[in-house]
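Take a look at the structure below.
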Amino acid sequence: MKTIIKNKNTITEKDNLIILLNKKSKISNLSLNSHEIKYVKNQQKNNAEIIILNQYIRKIIFINPKDQENKYLKLENLRCLGDKILNEINTFDSVTIKNIESDTISTYAFLEGISLSNYTFTNHKSKKEKSKDITIYICNSNDDFKEIEKITNAVRFTKDLVNTPFSHLKATDLANLAQEAGKKSGYTTTIFNKKKIQSLKMGGILAVNQGSIDEPTFSILEWKPKNAKNKKPIILVGKGIVYDTGGLSLKTSKGMEIMKVDMAGAGTVIGAMQAIASNKLPKHVIGLIPSTDNRPSGNAYAPGDVVTMFNKLTVEVLNTDAEGRMILADALSYAEKYKPELVIDLATLTGSAANTIGHFGIVSMQKNAENQHQKLKKVGKKTHERLAEMPFWNDYDELIKSDIADIKNIGGSFAGAITAGKFLSNFVNYPWIHLDIAGPAYVTNKYSYRGKGATGMGVRLLYNYIKEY
Ligand code: BES
Ligand code: ZN
Ligand code: ZN
């Protein structure tokens, strides 16, 4: 299902309409008859947020949002209202949105809600439901709503990648799909195969891949427009574990059920790169994606092993299920060669992050990037992909000291999200933000316009942050 957004200047009496109201809106100048006006006004008085007027030849849907605490929650409420009326809109072939107060950002959020909500993952259904594209006309607006179409398409792509099961998405598949998306949207892709990864001595990636029957990949996605405003690139790093069994430190069956989600960091980076390139943002951005599955086998890496990483630090592996940090560490130290302005990594890194804040936001940490983090937090409120910053005190460093190597890959029994972040901080020497998306990346109950299953959370955050950077 696609949502197509177009501009339009005239409305006929047959056009289905959506009218965004606010407190000051006067509905009297809409050529409704007196009964209709009375009905709508009554509903407004009762604080109905969605008012549907059936004129038989067409429907008029009034959106009458409740007051919210602040402007950010107002936007989020509009996205949720977009989700709530999707079923109604789905009965139309097209609908025209008329915003009588012409407040662009409200229209934008509302459209975003409709478009994001309009998603199903049917790739593996033998009987495909007939899916319908919705065309939404924006009336009398000079604003370019094509941007939302591109962003929401990118979110959809991320969700498809994350929803795709391991049986259909190995590390090489993920890399190839990233490359294909690059060809369409404009960024370039370089894929390192196992041989190249071996020659680079990326010990973390190779250790995790030891138990796999499939090859690892390391993909470099680059968007470097001629009009780039930043001299040094912004780098996005995404955890691309296409399936996490835990390895020899095997997970329970329950713990494995959704572990196809473990490449959501990578999926989010790919979606963000697509959104950035297709909207031609004037910023130099690079995506790095280390990828493999994590499995037990005769040759799998084992608890107690010591691994020499890409940057020559040695790691004592005490739990093979803490594999995300092993592959991310190599990617983070690889990022140094670009002398980046800022690096943001995204990963479904720890159950601890999900336990701490649930699926309502993203657990964040930073090193040498306080200002950038502050800004990202603000964009998080705007997009409702909110950040919850963890303490990052030196005390936590003690917990990952190893007796026999430089560091170990697990901490104590508490603060698991933080010790994972601390582990990664050993591999960075530039401004860096770490985003643990283990909670929000995948939900088992519908979460408004984000749907059920993969949510794509993070794509809009990264896109908007880089746009405003
Ligand atoms: N991929 C998991 C984290 C995860 C859990 C993601 C739930 C999404 C939902 C990660 O590789 C992992 O297993 N982490 C361990 C680390 C521990 C062994 C230190 C965890 O969080 O239990
Ligand atoms: Zn794991
Ligand atoms: Zn994992």
Helix 71-84: angle to the longest alpha-carbon principal axis of the chain, degrees 0 to 90, nearest 10?
80 degrees
Descending Cα extents along the principal axes, region 267-425, whole Å
47, 28, 28
Ratio of region 149-468's C-alpha Rg to 2.2 N^0.38 Å, to two decimals?
0.89
For the pairs K150/K260; K196/K312; K283/K452; K312/K467, flag any whose C-alpha to C-alpha distance is greater than 29 Å.
K283/K452; K312/K467
Once label points are set 7 Å from the Cα along Cα→Cβ at both K452 and V306, what is their separation, rounded to one decimal in nm?
5.0 nm
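Mind ranking 345-354, 329-338, 68-77 by how tightly packed they are, going by the mean number of other C-beta atoms within 10 angstrom, highest first?
Details: 345-354: 25.3, 329-338: 22.0, 68-77: 15.4.
Packing order, densest peptide first, comes out as 345-354, 329-338, 68-77.
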Run down the lysines and flag those whose C-alpha is under 16 Å from the C-alpha of K41, throwing out any fewer than 8 positions away in its chain.
K23, K24, K26, K66
Net lengthening on full extension, H124/K280 (0.36 nm per residue, minus Cα-Cα)
52.9 nm
Spelling out what I want: for every residue of region 118-129, take phi, set θ = phi - 60°, compute 6.51 cos²θ - 1.76 cosθ + 1.60 (Karplus), and round to whole Hz; glycine and proline get x.
6, 9, 9, 10, 10, 3, 10, 8, 6, 9, 6, 5
In the neighborhood of K377, defined by Cβ-to-Cβ distances under 12 Å, what is the net charge if each Lys or Arg adds +1 and each Asp or Glu adds -1?
+2
How long is the gain from I50 to N70 if the chain were fully straight, where each residue apart is worth 0.36 nm and the alpha carbon distance is subtracted?
5.2 nm
Label point distance in nm, N299-K24, each placed 7 Å from Cα along Cα→Cβ
6.9 nm
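Viscosity 0.890 mPa s, temperature 25 °C: what is the translational diffusion coefficient of region 1-152 from Stokes-Einstein with a Kirkwood Rh over Cα pairs, rounded to a whole number of µm²/s? Intermediate values should be presented prior to the final figure.
Values: Rh = 16.1 Å.
Reported coefficient: 152 µm²/s.
Would you mind putting 108-117, 170-179 in packing order, based on average other-beta-carbon counts within 10 Å, highest first?
Numbers: 108-117: 24.7, 170-179: 21.9.
The peptides rank, most packed first, as 108-117, 170-179.
Pairs to check: K201/K408; K378/K422; K378/K401. Give those whose C-alpha atoms are more than 29 Å from each other in this structure. Each step should come with its number before you reach the end.
Numbers: K201/K408 19 Å; K378/K422 24 Å; K378/K401 34 Å.
Checking Cα-Cα distances, K378/K401 exceed 29 Å.
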Across every pair of different alpha-carbon atoms, what Kirkwood hydrodynamic radius in Å does region 202-262 reach?
14.6 Å
Which ³J(HN,Hα) values, rounded to whole Hz and listed in residue order, are derived for region 429-434 from phi using the Karplus coefficients 6.51, -1.76 and 1.60 in 6.51 cos²θ - 1.76 cosθ + 1.60 with θ = phi - 60°, glycine and proline given as x?
9, 9, x, 9, 10, 10
Cut-off under 5 Å, modelled amide H: who pairs with Q366 long-range
H434
To the nearest 10 degrees, how steeply does helix 104-117 sit against the main Cα axis of the chain, on a 0 to 90 scale?
70 degrees
So for the pair Y39, N140, with labels modelled 7 Å out along Cα→Cβ, what separation do we get in nm?
2.4 nm
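So what's the net charge close to S28: Lys and Arg +1, Asp and Glu -1, counting the other residues with Cβ under 13 Å from its Cβ?
On the way: positive: K24, K26, K38, K41; negative: E36.
Local charge sum for S28: +3.
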Derived scalar couplings ³J(HN,Hα) [region 165-175; Karplus, 6.51 cos²θ - 1.76 cosθ + 1.60; whole Hz; x for Gly, Pro]
x, 4, 4, 10, 8, 8, 4, 5, 5, 4, 4
Between Y334, L318, S28, whose Cα lies farthest towards the positive end of the dipole of the chain when Lys and Arg beta carbons carry +1 and Asp and Glu beta carbons carry -1, centred on the Cα centre?
S28
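Are any of the pairs K14/K98; K6/K226; K84/K183 more than 24 Å apart by Cα-Cα distance, and if so, which? Before the final figure, lay out each step's value.
Details: K14/K98 14 Å; K6/K226 29 Å; K84/K183 35 Å.
Long pairs (Cα-Cα over 24 Å): K6/K226; K84/K183.
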Projecting the Cα atoms of N140, A48, H373 onto the charge dipole of the chain, where Lys and Arg contribute +1 and Asp and Glu -1 at Cβ, the residue farthest towards the positive end is N140
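Can you give the relative contact order of the chain as a percent, counting alpha carbon pairs under 8 Å and 6+ residues apart? List each step's numbers first, then the result.
Numbers: 1027 pairs, mean separation 73.4, N = 469.
Once divided by the residue count of the chain, the mean separation gives 16 percent.
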Set Lys and Arg Cβ to +1 and Asp and Glu Cβ to -1, take the dipole of the chain about its Cα centre, and tell me which of I241, S352, L116 lies farthest positive.
L116
Compute the angle between helix 264-278 and the longest alpha-carbon principal axis of the chain, please, reported from 0 to 90 degrees and rounded to the nearest 10.
60 degrees
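Nearest 500 deg cm²/dmol is fine: what mean residue ellipticity at 222 nm does the chain get from its DSSP H runs of n ≥ 4 alone, each adding -39,500 (n - 2.57), divided by its residue count? Please report the intermediate quantities before stating the final value.
Values: 16 runs with 166 residues, N = 469.
Using -39500 (n - 2.57) per qualifying helix, the result is -10500 deg cm²/dmol.
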If every Lys and Arg gets +1 and every Asp and Glu gets -1 at its Cβ, then about the Cα centre the chain yields a dipole, in debye to the nearest 20, of 1560 debye
Sum of side-chain charges, D305 neighbourhood, beta-carbon under 15 Å (Lys, Arg +1; Asp, Glu -1):
-3
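Taken together, the values in this text are just the output of simple stated rules run on the coordinates, not laboratory data. Computed from a predicted structure; not experimentally measured. Ideal geometry is used to build each Cβ from the backbone, glycine not excepted, and the neighbour counts take in all protein chains shown.
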